[in-house]
1. Check the straight Cα-Cα distances from A:Lys174 and name the aspartates and glutamates below 14 Å, setting aside those fewer than 8 residues away within the same chain.
2. Just B:Gln193, B:Gln48, B:Gln18 to compare: in a GNM of chain B, with alpha carbon springs under 10 Å, which one fluctuates most?
3. Below 8 Å between Cα atoms, with a sequence gap of 6+, how large is the relative contact order for the stretch A:98-205 in percent?
4. Over chain B, with a Gaussian network built from C-alpha contacts below 10 Å, which listed residue (B:Ser142, B:Ser34, B:Ser113) shows the highest mean-square fluctuation?
5. Rounded to the nearest 500 deg cm²/dmol, what is the calculated helix-only ellipticity per residue at 222 nm for chain A, with -39500 (n - 2.57) per DSSP H run of length n ≥ 4?
6. With a 1.4 Å probe and all protein chains kept in place, how much accessible area does A:Leu52 have, in Å² rounded to the nearest 10?
7. Please enumerate, by chain and number, the lysines with C-alpha under 17 Å from the C-alpha of A:Lys102, excluding those fewer than 8 residues away in the same chain.
8. Loop only per DSSP, at most 15 neighbouring Cβ atoms within 10 Å: give me the trypsin sites (Lys or Arg not before Pro) in the stretch A:5-107, ordered by residue number.
Amino acid sequence: MAVLSVTNLSVVKRDRLLFKNVNFAVKQGSLLYVKGQNGAGKTSMLRVLAGLVAADCGEVYFTLQNIKDCREHYHQHLVYFGHKLGINLTLSAVENLQYWCKQHQVVISVDTIFYTLAQLNLVGLEDIPVSNLSAGQQRRVALARFWFKQDAKLWILDEPFTALDTQGIELLSKHITSFLRGGGAVVMTSHQALRIDYPTDELTLEYRI
Amino acid sequence: MAALMAILKRDLALAYRQRAELMQPMLFFILVISLFPLAVGPEPKTLQLIGPGVIWVAAILSSLLGLERLFRDDFQDGSLEQLMLSSTSLPAAALIKVVAHWLTSILPLIILSPLLALFLHLSEPMYWALLKTLLLGTPLLSLIGAIAVGLTVGLNRGGVLLALLLLPVFIPLLIFATSAVESASMQLQYSAQLAIIGAMFLFSLALAPFAIAYALRVSQT
């Protein structure tokens with residue numbers, strides 16, 4: 001079944017048409033890789049898919065329901081990772097993740113959060129303000145969310161590999177693959193070549209003037 | 001419910017860590033009010049006449065100073081995006097954030113107000129009237145202010161624009177609040193003014209959360 005499907009999607013940003021009449025469906029266990037050069041509208045597309053921004057034209061459906069009509073249900077099954085990390089720099093990594101889990105009604109123990117952060121190579125950095133961490137470490141903290149939401153059916157990742165080291169990229173790629181094998185659907189963008197050992201659907205956005 | 005409690009706790013914890021930033025509007029409030037006795041002279045009658053107005057104007061200005069904090073950081077670091085993508089209802093979350101903001105940046109001003117009433121020679125009935133108008137009126141400042149912050153948070157420099165948008169809107173509140181204190185100074189009833197301020201507060205309490213949520217969604221584009 002299609003987890004996410006899109007009909008006749010068009011987005012205009014500051015009088016510039018980013019893309020027009022895009023149609024696609026992302027099925028369970030499939031990965032959609034959105035490609036395109038800078039400014040082609042990849043981020044705008046992902047924000048529309050996540051329901052952060054309304055499309056100028058066209059509809060987005062989550063499991064055949066329009067996301068406008070099932071916003072809460074959709075967001076319960078979605079994890080979104082955007083350009084902005086959603087991490088407060090004054091709070092510590094553990095606090096950030098605890099508050100995120102509570103907001104998203106994810107029940108999780110503090111031990112699990114510590115364990116996940118350890119997996120992400122952040123041992124000893126769990127309870128200092130995130131502002132003291134490096135850019136890559138901050139992204140790791142934000143990426144930890146993908147380990148928590150068990151009932152997620154769709155992940156949307158916008159440039160997840162930026163600022164990560166090779167070990168981090170490998171860790172995330174493996175995690176994405178195991179999510180796909182478990183029947184999840186993933187939509188992502190990346191400027192690096194994907195190192196994911198899994199069949200990939202591609203969608204290329206052209207830069208329009 | 002647990003999600004909303006978590007938002008309240010988070011905002012209170014953040015306010016505590018950024019307490020230096022919170023102190024600034026409070027010090028501004030004290031300084032502005034202490035300038036008046038110096039500028040217009042220590043004559044008790046004059047001070048009593050201008051006192052309620054001065055305290056209210058200073059309260060409005062200093063609440064504007066701290067208002068941007070309400071959504072600015074969350075918007076910039078993306079926490080607001082994540083909040084919108086949770087199944088928590090956005091109007092309820094916005095209301096909780098306004099409550100946290102009122103508790104951390106307006107309530108201290110009200111707690112300081114007896115000291116300032118002393119500076120301005122307010123009589124005891126005047127002080128009680130002032131306190132009641134502040135308690136009923138300042139939540140209104142936060143609620144209406146939050147709508148404007150929601151609208152301007154996407155612009156990088158919303159500071160002065162915020163004041164220009166909001167000051168005219170606060171005029172009715174200012175008129176009724178100062179008129180209540182004036183009535184109190186003449187030993188008259190002032191429940192009518194309080195009732196009007198209360199009605200404005202309840203009206204905005206019912207509708208503002210939806211307006212704030214809408215403004216925040218608009219800011220995402």
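The values are calculated or read from the model by the stated rules, or taken from the named source; none is laboratory data. What you see is a predicted model; the values in this text were computed from it and never measured. Because the Cβ atoms are built from the backbone with ideal geometry, glycine has one as well, and the counts that use them run over all protein chains shown. All accessible areas refer to the heavy atoms of the entire protein, side chains included, with ligands and DNA or RNA removed. Shrake-Rupley method; radii C 1.70, N 1.55, O 1.52, S 1.80 Å.
1. Within reach: A:Asp197.
2. Highest fluctuation of the listed residues: B:Gln18.
3. Normalised by residue count, the contact order of the stretch A:98-205 is 24 percent.
4. Of B:Ser142, B:Ser34, B:Ser113, the Gaussian network model singles out B:Ser34 as fluctuating most.
5. About -8500 deg cm²/dmol.
6. 10
7. Result set, ordered by chain and number: A:Lys149, B:Lys9, B:Lys97.
8. A:Arg14, A:Lys68
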